[in-house]
Amino acid sequence: MKLKGLGAGLISVWLSGFLLIALSFYGTLLLSPSLHNPSFSSDSSTSPRITIFTALHDSSSSFDSQAIHSWLALSSQVKIVLFTQHNNNSSFTDTFGSRLLLDSTVDFTFLGTPFLHSMLARTEAYASDIAVLIDPHTLLLPDFISALNYADHELDRDWLLVSSSVNIPRFPFHWDQTGRFWRQYNGKRVRFGELQKMISLRSLKSNSSEGSNMIMAWNNVDSPLHCGVLPPFLYQRGTHNQWIVNEALSCKRRFVFDATSTISSVSIGNAERKYDTRSWEYIGNSHLGKLYGSLSKSYALPKLLKCNKRYILVTASDGFRTREKISACISRSKSRSLKLEPVKKDQAVSPLKFPYDLESLLPLVADKNRTVVLSVAGFSYKDMLMSWVCRARRLAVPNFLVCALDDETYQFAILQGLPVFFDPYAPKNISFNDCHFGSKCFQRVTKVKSRTVLKILKMGYNVLLSDVDVYWFRNPLPLLHSFGPSVLVAQSDEYNTTVPINRPRRLNSGFYFARSDEPTIAAMEKVVKHAATSGLSEQPSFYDTLCGEGGVHRLGDDRCVEPETNLSVHFLDRDLFPNGAYGDIWLKEDVRGECEKKHCYVLHNNWISGRLKKLERQMMKGLWDYDASMRMCV
């Protein structure tokens, strides 16, 4: 009986203990702020998936490791996508782990500045509930997640949250080794409230209202932020933040609100970075803001405030009594709010002044062999130029250079981030649609190419001249370099498969490689001089000068030797470098497949008359890499 009593007592104690544990767990759930107040974060599976996007400018390749640490510490549901020109830097993933991804598929300028419209288009490729766009030097504190949770749970429509950060030259704390806490440099742990207090004090001294270091976050990432097309703004070069907010408000697809007063964020060194960069990039963004968009008046965004530990949205239309009840919160928020200036569209847009000419561009773009890839284009071929540029970028050929034949192409190329220079001696009044092979316009334009190549050769750089209608499958430069000095390598324009490829006037001056050596320079001087007195295009001048009229200086079936300079001319294998009429390649159903079977390096879209026919053929055959409507590479 005693044993039974003892057993019953033990069971009673065990049940009582179990009940206490259960009640304690239930009480914890009841008191857990993350379940009942959206002002707190949660790492549960019900929390929204958040992807933070940022980009590195290749000119500095700098990032703030503290900023990235602060993002990863927000929630286990946060992952980071870092847009960069080079995704082979393992130090990032070694330091931050698998939650940080590198993406090199967006468009950059030749100086390494990323394009915002390409970045935003790329955000749609990642599965996420909330997308965030942020400066790589901006630190975030946990109340950022609280604000996102509020918007995600409480707003019943698509939304766009914007917030401005406080600028400070240096953050006086660092992450400890565990990656969980901020510490002072004496080792003392810093609590969240202390960080908030520091940010509030700094905000009184800092201008955090200009929008240059804005944070943007939005839900339903597959839905656009605004109506219409985003111009090719350069990321972090001004204007685009104001422009997007303007257009989002005008479009009315999303509820746009300012969460500056409820989000603790710090931008490290932003004021210094803003003014030590290239001013023409800011001017270019300003031009785009004036040219495009629909809204140009001042506005007041609804504000997300925190009163008595709860979030409240306040708009300009709220009644007096509502505003009176939360007047203290409103008063505190005035020290930290976002005041964006309207995009001023009434001012005249003057032409962009690009601070580079040919001489200053060459050392910036040339590769280690002092080689550049040159293309020459007028405004009628601007889209084909961009498809050619996109293809070069896809093949990792960054050493290209563009010679603009007119001011329209020059201005267009600047805004597209291309290394461009203007030829002041280019012919005027270039026809938009009738500058095709054989026309008077074509004859005048082609002579610009040989003159420009000669000029570059004399500056000590090798040149691969490629027309924009030459589609590249592979990078041909390693092969072309292998021919050695005193050899000019050119495409053959011969289409007949039963005759020599170096027949009279079959040298195609739309694709050739010239080295900067004495024989080549001397021979090119003769070509330019011959073309200047010819009533034809430059192409016959190349052949007649280098191979002799009627081909008297030919050697074998694929070479010539110019006797005075001893320059050799090598005609390229047509299977590897086919012209537009060789083998009826353009008539094949699968042109790309046919060229891949032949291991083509390039395919020339010539032997067809007319700009529109040329464009149509290249697009219809799937050899097109530029979306003109979105102004970005495909």
Any chance Ser203 is outside any loop (DSSP other than H, G, I, E, B), surrounded by 19 or more Cβ atoms within 10 Å (Cβ to Cβ), modelled with pLDDT of 75 or more and in contact with a Ser or Thr (Cβ under 7 Å, 6 or more places away or on another chain): no
Any hit, the range 128-145, residues being closer than 11 Å to Ala55 by Cα and of a type in the set (A, V, I, L, M): yes
In the range 248-260, the residues that are at pLDDT below 95, surrounded by fewer than 22 Cβ atoms within 10 Å (Cβ to Cβ) and on the phi < 0 side of the Ramachandran plot: Leu249, Ser250, Cys251, Arg253
Evaluation of Ile430 against (1) in contact with a Phe, Trp or Tyr (Cβ under 9 Å, 6 or more places away or on another chain); (2) at pLDDT 95 or above; (3) closer than 26 Å to Ser387 by Cβ (one fails), failing number: (2)
Residue list for the range 577-624, filter: out of contact with any strand residue (DSSP E or B) (no Cβ under 8 Å at 6 or more places or on another chain) and aliphatic (A, V, I, L, M): Ala581, Leu587, Ile608, Leu612, Leu615, Met619, Met620
Hey, Leu82 closer than 25 Å to Ser267 by Cα, open to solvent by less than 10 Å² (accessible area, probe 1.4 Å) and either among the hydroxyl-bearing types (Ser, Thr, Tyr) or part of a strand (DSSP E or B) (or both) or not: yes
The one condition in (1) over 19 Å from His57 (Cβ atoms); (2) outside any helix (DSSP H, G or I); (3) open to solvent by less than 10 Å² (accessible area, probe 1.4 Å) that Ile145 fails to fulfil: (2)
Tally of residues being over 25 Å from Gly284 (Cα atoms) and either hydrophobic (A, V, I, L, M, F, W, C) or part of a strand (DSSP E or B) (or both) across the range 218-258: 7
Search result, residues across the range 526-554 that are farther than 18 Å from Ala426 by Cβ and in contact with an Asp or Glu (Cβ under 6 Å, 6 or more places away or on another chain): Leu546
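The values are calculated or read from the model by the stated rules, or taken from the named source; none is laboratory data. Just so you know, these numbers come straight off a predicted model, no measurement behind them. Every residue, glycine among them, receives a Cβ derived from its backbone with ideal geometry; neighbour counts consider all protein chains shown. Just so you know, the surface numbers come from the protein's heavy atoms only, side chains and all, with ligands and any DNA or RNA stripped out. Shrake-Rupley method; radii C 1.70, N 1.55, O 1.52, S 1.80 Å.
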